[in-house]
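Asks: One structure coming up, written as structure tokens, with questions to follow.
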Ligand SMILES: Nc1ncnc2c1ncn2[C@@H]1O[C@H](COP(=O)(O)OP(=O)(O)OP(=O)(O)O)[C@@H](O)[C@H]1O
Ligand SMILES: [Mg+2]
């Protein structure tokens, strides 16, 4: 089989590509190629240039210099639509759906006029075709008529996948799509990639998840600081070596926290008491308590209610029954939660967590950015401020200056700003919903160490995560949710394995 793959022709080549943004050298001299029937992983730290090279291939932007060939001809796409018409499509890292229109309209977007005859729009036909495409990719429970704005991030990603796949691309670029998806959503992507391989088509797969990238790819290319460090063939895959190439050094020290017991104060700081929330991701008579100095992990399948729980505790969703309490007092709304020193990192960073068209500094700085107009400035004592600055530095936000707009940051660096923002506020209680989404392993380690340090200082953390390894590695207790109910609570000293958690999830 290896030989057959060797014999397959190259379909796309990138030669000596350079791209700069002001003083940032995003790509220094990148050359790579991909064969027919190849799934190629692209991996590297946040800001290493993965999205930049991918977006140039897919016609989203232009390189400063260098050239590309596609099927032996010069490749110079004018726009993403142009690229897609010629067979190269990309699922972008940041969200790309329009909220105010239906799922079907988003799938056909610039192309809805094909359902128009004169002044008459054949909506039924459009809905039918959208339905067929959704079925094709395996997203049966997404309805074509639904309004996009009301959907969660996973559903919106599935729309983008449908939009690209309906054009039957020869080369597909998947930029960090899986971090936004649950297990089921990921399977959809994997299935598409495997099918493309069988059909002799090609995929660039960008991910920070070493496990999935090693499992799904035929080869992987490591980028660091805008340069290609090395390309590994599948039979050369070796996790430690790949990591070393990525960060240019050995990962030292503990990855997760090092202690082995659940230990925290009996004092309850955050509580859900008999909470019921109806809807797509419900909670049913749900109760749980977070203690002072505790890291409480929340896990389950998508729709199990865990993301809803985070929002209820932060006062962003009002339960129809039961209540959310911060230090015994009922939470009124988000502003109230913030006033009570609760921070919340949302899973959906672009629409809920960041002000994109504002400088990084304003996003991070305590008090300066609130969309909730609290009208108070948090005065942090000098020592704490120094600590905060040091922590933000340890997150290594890759930027030109604090004045740079968040919209210019790479995906993972945006996530670091979200994290830094809440720590910068001096939050005593943190609700983290998938906080390490899209974060590279080096910075992930820094975040985990930061959480462990916060715990030692008596701060409390509720971490909602789809990564079981992260829950097992960090939490004092892990609560497993299923269909809006509490199924099981594990304690740290029980050393639960992933299989133990899964048993209660399904
Ligand atoms: N529009 C822009 N303006 C200014 N700088 C940019 C812009 N887009 C990207 N950059 C910078 O170029 C570098 C490479 O960014 P890129 O998005 O390619 O990284 P990445 O490898 O995809 O990272 P991540 O894993 O965080 O998504 C980063 O330093 C980033 O801040
Ligand atoms: Mg990126």
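Please treat every number below as a calculation from the coordinates, not as lab data. Just so it is clear, the structure is predicted and the values come from calculations on it, not from any experiment. Note that each Cβ is placed from the backbone with ideal geometry, even for glycine, and that neighbours are counted across all protein chains shown.
Asks: Looking at segment 440-503, what strands (runs of 3 or more DSSP E) fall wholly within it and have at least 2 residues that are surrounded by fewer than 21 Cβ atoms within 10 Å (Cβ to Cβ) and without any contact (Cβ under 8 Å) to a residue 60 or more places away in the chain?
Replies: Those strands (runs of 3 or more DSSP E) span 485-491.
Asks: With the condition kept exactly as written, say whether any residue in segment 152-174 is under 20 Å from the mean Cα position of the chain (by Cα), within 16 Å of ligand 2 (Cβ to nearest atom), assigned to a loop (DSSP other than H, G, I, E, B) and in contact (Cβ under 8 Å) with a residue 60 or more places away in the chain.
Replies: Within segment 152-174, not a single residue is under 20 Å from the mean Cα position of the chain (by Cα), within 16 Å of ligand 2 (Cβ to nearest atom), assigned to a loop (DSSP other than H, G, I, E, B) and in contact (Cβ under 8 Å) with a residue 60 or more places away in the chain.
Asks: Which numbered condition in (1) assigned to a helix (DSSP H, G or I); (2) more than 21 Å from residue 155 (Cβ to Cβ); (3) away from ligand 1 (no atom under 16 Å from the Cβ) is the only one that residue 193 fails?
Replies: So the condition that residue 193 fails would be (2).
Asks: Can you name the residue in segment 24-45 that is surrounded by fewer than 24 Cβ atoms within 10 Å (Cβ to Cβ) and outside any strand (DSSP E or B) and, of all such residues, is nearest to ligand 1 (Cβ to nearest atom)?
Replies: 38
Asks: Scan segment 213-242 residue by residue and report those that are under 24 Å from the mean Cα position of the chain (by Cα), surrounded by fewer than 17 Cβ atoms within 10 Å (Cβ to Cβ) and outside any strand (DSSP E or B).
Replies: 215, 225, 239, 240 - these are the residues of segment 213-242 that are under 24 Å from the mean Cα position of the chain (by Cα), surrounded by fewer than 17 Cβ atoms within 10 Å (Cβ to Cβ) and outside any strand (DSSP E or B).
Asks: Does residue 59 satisfy the condition of being part of a loop (DSSP other than H, G, I, E, B), within 16 Å of ligand 1 (Cβ to nearest atom) and buried (at least 18 other Cβ atoms within 10 Å of the Cβ)?
Replies: yes
Asks: If you don't mind, there's one more thing I want to ask. Scan segment 206-263 residue by residue and report those that are within 30 Å of residue 459 (Cβ to Cβ), in contact (Cβ under 8 Å) with a residue 40 or more places away in the chain and within 16 Å of ligand 1 (Cβ to nearest atom).
Replies: The answer is 208, 210, 243, 247.
Asks: Right, something else. Tell me which residues, restricted to segment 249-264, are under 27 Å from the mean Cα position of the chain (by Cα) and either surrounded by 13 or more Cβ atoms within 10 Å (Cβ to Cβ) or not in a loop (DSSP other than H, G, I, E, B) (or both).
Replies: Within segment 249-264, 251, 254, 255, 256, 257 qualify.
Asks: Quick check on my filter: what residues within segment 175-187 are assigned to a helix (DSSP H, G or I) and crowded, with 19+ Cβ neighbours inside 10 Å?
Replies: 178, 179, 180, 185, 186
For (1) exposed (fewer than 15 other Cβ atoms within 10 Å of the Cβ); (2) under 26 Å from the mean Cα position of the chain (by Cα); (3) in a strand (DSSP E or B), each residue gets a yes or a no:
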| residue | (1), (2), (3) |
| --- | --- |
| 244 | no, yes, no |
| 266 | yes, no, no |
| 280 | yes, yes, no |
| 293 | no, no, no |
| 301 | no, yes, no |
| 310 | no, yes, no |
| 317 | no, yes, no |
| 325 | no, no, yes |
| 336 | no, no, no |
